[in-house]
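The values are calculated or read from the model by the stated rules, or taken from the named source; none is laboratory data. Quick caveat, the model's predicted, so the values are computed rather than measured. Don't worry about glycine lacking a Cβ; one is built from the backbone with ideal geometry, like all the others, and counts go over all protein chains shown.
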Amino acid sequence: MTIELKKDIIQPLTLFFIFLSIIFPHAAYASAGQASHPKLSQQEKLTPCSQCHKEATPEIYKEWYNSVHGIANVKCFQCHGTYENLRTEPDETHCAACHNKQYLKRPKDKRCWACHPAHNFFVHK
């Protein structure tokens, strides 16, 4: 199979699975790894995660804030889901939504954050 043919097959499939995880988030989060979170009111659920986590987990907030993702204003829910489908460890397909080329080239035996520590997001030069 040629590289071009692989790209023609893999990229649309990857995008399809990302689409499914957005449309049916409960399926992507049904496995282990879901976080528990204190109960929030409906109004509190509308509050950005960073507003509370700035005080609740200041070290993680600071790492994110000073990272490439923080500077680009990538929000917590884009990787970790919303309150209803929160995951402490994101599904790697969420990385592919923005980093598809890198996602397809990654070593298959490692998670994205094995080379890109959580919330630091070092850029390889």
Can you list residue pairs whose Cβ atoms sit under 8 Å apart, with the first residue in the range 81-103 being on the phi < 0 side of the Ramachandran plot and assigned to a helix (DSSP H, G or I) and the second being at pLDDT below 85 and charged (D, E, K, R)? Count only pairs 6 or more apart in sequence or on different chains. TYR103/GLU92
Output yes when any residue across the range 65-75 is closer than 22 Å to THR47 by Cα, polar (S, T, N, Q) and modelled with pLDDT under 85, and no when none is. no
Within the range 93-110, considering residues that are surrounded by fewer than 14 Cβ atoms within 10 Å (Cβ to Cβ) and among the charged types (D, E, K, R), the one modelled with the lowest pLDDT: LYS110
Those residues that are of a type outside the set (D, E, K, R), under 14 Å from PRO48 (Cβ atoms) and surrounded by fewer than 16 Cβ atoms within 10 Å (Cβ to Cβ), I need them from the range 61-82; list them, please. TYR65, ASN73, VAL74, PHE77, GLN78, THR82
Consider THR57 carefully, then state whether it is under 11 Å from the mean Cα position of the chain (by Cα), under 21 Å from PRO117 (Cβ atoms) and polar (S, T, N, Q). no
Pairs returned, first residue in the range 41-58 that is farther than 17 Å from GLY70 by Cα, second residue that is of a type in the set (Phe, Trp, Tyr) and part of a helix (DSSP H, G or I), beta-carbon separation under 6 angstrom, 6 or more apart or interchain, are LYS45/TYR83
Residue under evaluation VAL123, criteria (1) surrounded by 13 or more Cβ atoms within 10 Å (Cβ to Cβ); (2) among the β-branched types (Val, Ile, Thr); (3) at pLDDT below 85, criterion not met: (1)
